[in-house]
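Here, each number is a calculation from the coordinates, and none is a lab measurement. Remember, it's a predicted structure, so these values are computed and weren't measured experimentally. Reconstructed Cβ throughout: ideal geometry from the backbone, glycine too, with neighbour counts over all protein chains shown.
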Amino acid sequence: MDFKKRIPLNKRFIVAGNWKMNCNLLETIQLIESFSASLNSSGIKPGTVLSNDNTLPEMIVFPPSTNISVAAQLLKDSGVKVGAQNFYHMDKGAYTGEISADMIKSCGAEFVLVGHSERREIFKESDKLLNQKILSAQKQGLQPVFCCGETLRDRENQKTFSLIRRQLRDGLVKTDPSNMVVAYEPIWAIGTGKTATPEQAASVHQFISEELTRMFGEKGTLIPILYGGSVNAGNADQLFACPEINGALIGGASLKGEGFFSIYKSALKMKMKNSEQAS
Ligand code: PGA
C-alpha cells in the first residue's frame, strides 16, 4: 500500500474529546489526571513535531465552559489542548447568560466546537448563526471545529450529500480555511452505539474533502476531517485505517481516561505506520 501517496504526511491528525454536559469540577480534575497519567508514563506529548512534515497526533478536550480554566492549567505543558463546547458570537454586551469568544480564550481555550448536531437540533442554531460563530472565533484566534452530518431520515432519502454540501457552503462563507477543522458526525451514530462503517464514513469524508477543495482550493485540501459517532477503543483502529479520516471527535468514550488514551494510541499507531511506509 502506498501510504505516501494516500495520506499527505503534513495533514494533521486529531483525537478530540467532547465531554458534553458531563463532569463537575472534581470530575474534571479526576478525568484529566487519569489520561495524563497514561501520557506521562508513556512519555508522549501530543502534537510534538517530529520532522518538517510529521507531527504526533494532537489531543484536544472540550470540558464544560465552567471548567476550561482549570483544565487549561492542569494541561499546561502537556501538549493537550483545551476547547470550548459553545459560545455566543457577539463581542460583548447585554446578552444575559452568554459568553464570548474572547472570554473562553482568556480562560485558556484554543478551539471551539461549532455546529454540533445537539446545538443544531436542541437549540435550533441555524447555518447563518453558525457562520457568525466561526467568524467570531477566528477573529479571536480560536480554531473552530465545524461539525456537519445527516439524520437517519436524510440518509434513507439519499439526502446525505446535498445536506452536507449545504451545511458546508452556508456555514463556512468567508471563513479562513487555514484555521479550522471539520468533523463529520452522522446524527444516527451519535450516542447510539451505531458507528458508520469505515466505507460509509470514508465516502462522506471524500465528498467533504472535495467540497472543501472546491471552496478553498489548495488550503481546503489541508483541513483535517474528523469522524464522530460512537467512536471507542474497539473501533478506532478500523476507522483510522481509512486515509480519508484524519482523527475523531469522541463523546461517551472520552469520559473514561483509559479508553480515551487507548483511542489516542490507535491514532499514534496509525501515524507511525504511515510515516514508516513513507520513508
Ligand atoms: P458519541 O458522541 O461518541 O458519544 O457518539 C460524539 C459527539 O457527539 O461528538
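Using the Karplus relation 6.51 cos²θ - 1.76 cosθ + 1.60 with θ = phi - 60°, the per-residue 3J(HN,Hα) values for region 145-159 come to 10, 8, 9, 9, x, 10, 7, 4, 4, 4, 5, 5, 8, 6, 9 Hz, with x marking Gly and Pro.
For residue 15, nonlocal amide neighbours, meaning residues 5 or more places apart or on other chains whose placed amide H falls under 5 Å from its own, are 58, 59, 60, 248.
Please state the shape class of region 36-157: rounded when a/c is under 1.5, otherwise prolate if a/b exceeds b/c and oblate if not, all from the C-alpha gyration tensor. Oblate, because a/c is 1.5 or more while a/b does not exceed b/c.
Annotation: amide H of residue 112 within the under-5 Å range of 84, 143, 145, sequence separation 5 or more or interchain, hydrogens built in the peptide plane. Calculated FRET efficiency, residue 21 to residue 276, Cβ-Cβ distance, R0 = 45 Å: about 0.65 to the nearest 0.05. Each helix, a run of at least 4 DSSP H residues, gives -39500 (n - 2.57); summed and divided by the residues of the chain, these come to -13000 deg cm²/dmol at 222 nm. Quote the FRET efficiency, to the nearest 0.05, computed for residue 94 versus residue 206 with a Förster distance R0 of 35 Å and r equal to the Cβ-Cβ distance. Step by step, r from the Cβ atoms, then E = 0.20. Loop-resident trypsin sites (Lys or Arg not before Pro) (DSSP state other than H, G, I, E or B) in region 77-110 with no more than 14 further Cβ atoms inside 10 Å of their Cβ: 92.
Protection proxy ranking of 20-33, 247-260, by the mean of other Cβ atoms within 10 Å over each peptide's residues and highest first, is 247-260, 20-33.
Here the label points at residue 152 and residue 102, each 7 Å from Cα along the C-beta direction, are separated by 4.5 nm in the simple model.
The HN-Hα couplings worked out from phi for region 233-246 by the Karplus form 6.51 cos²θ - 1.76 cosθ + 1.60 (θ = phi - 60°) are 5, x, 10, 5, 4, 5, 5, 5, 6, 7, x, 6, 9, 10 Hz, whole numbers, x standing for Gly and Pro. Modelled label positions at residue 65 and residue 40, each set 7 Å beyond Cα in the direction of Cβ, lie 3.1 nm from each other.
Looking at the chain, do any whole DSSP H helices span at least 24 angstrom along their long axis by alpha carbon and average -0.5 or above on Kyte-Doolittle, and which? Before the final figure, lay out each step's value.
On the way: long enough: 25-42 (26 Å, 0.56); 198-216 (26 Å, -0.29); 257-278 (32 Å, -0.58).
Flagged H segments are 25-42, 198-216.
Roughly speaking, what is the stretch gain from residue 159 to residue 238, that is 0.36 nm per residue apart minus the C-alpha to C-alpha distance, in nm to one decimal? Don't skip to the answer; put the middle values down first.
Values: separation 79, 0.36 × 79 = 28.44 nm, distance 2.59 nm.
This chain segment gains 25.9 nm when fully extended.
Past 25 Å, Cα to Cα, is the threshold; run 45/105; 76/174; 76/256; 128/219 against it and keep the listed order. List each step's numbers first, then the result.
Working: 45/105 22 Å; 76/174 32 Å; 76/256 20 Å; 128/219 23 Å.
Violating the 25 Å Cα-Cα cut-off are 76/174.
With a ≥ b ≥ c taken as the square roots of the eigenvalues of the C-alpha gyration tensor of the chain, please select rounded if a/c is under 1.5 and otherwise prolate if a/b is larger than b/c or oblate if it is not? Rounded is the answer for the chain, as its axis ratio a/c remains below 1.5. Under a 5 Å amide H cut-off, with hydrogens placed 1.01 Å from N, residue 88 pairs with 99, 100, 101 among residues at least 5 apart or on other chains. In a fully extended conformation the segment linking residue 54 and residue 166 would gain 37.0 nm over its present Cα-Cα distance, using 0.36 nm per residue.
Classify region 87-203 as rounded, prolate or oblate from the Cα gyration tensor: take a ≥ b ≥ c as the square roots of its eigenvalues, call it rounded if a/c is under 1.5, otherwise prolate when a/b beats b/c and oblate if not. Display every interim value, and only then the final one.
On the way: a/c = 2.02, a/b = 1.89, b/c = 1.07.
Taking the square roots of the gyration eigenvalues as a ≥ b ≥ c, region 87-203 is prolate.
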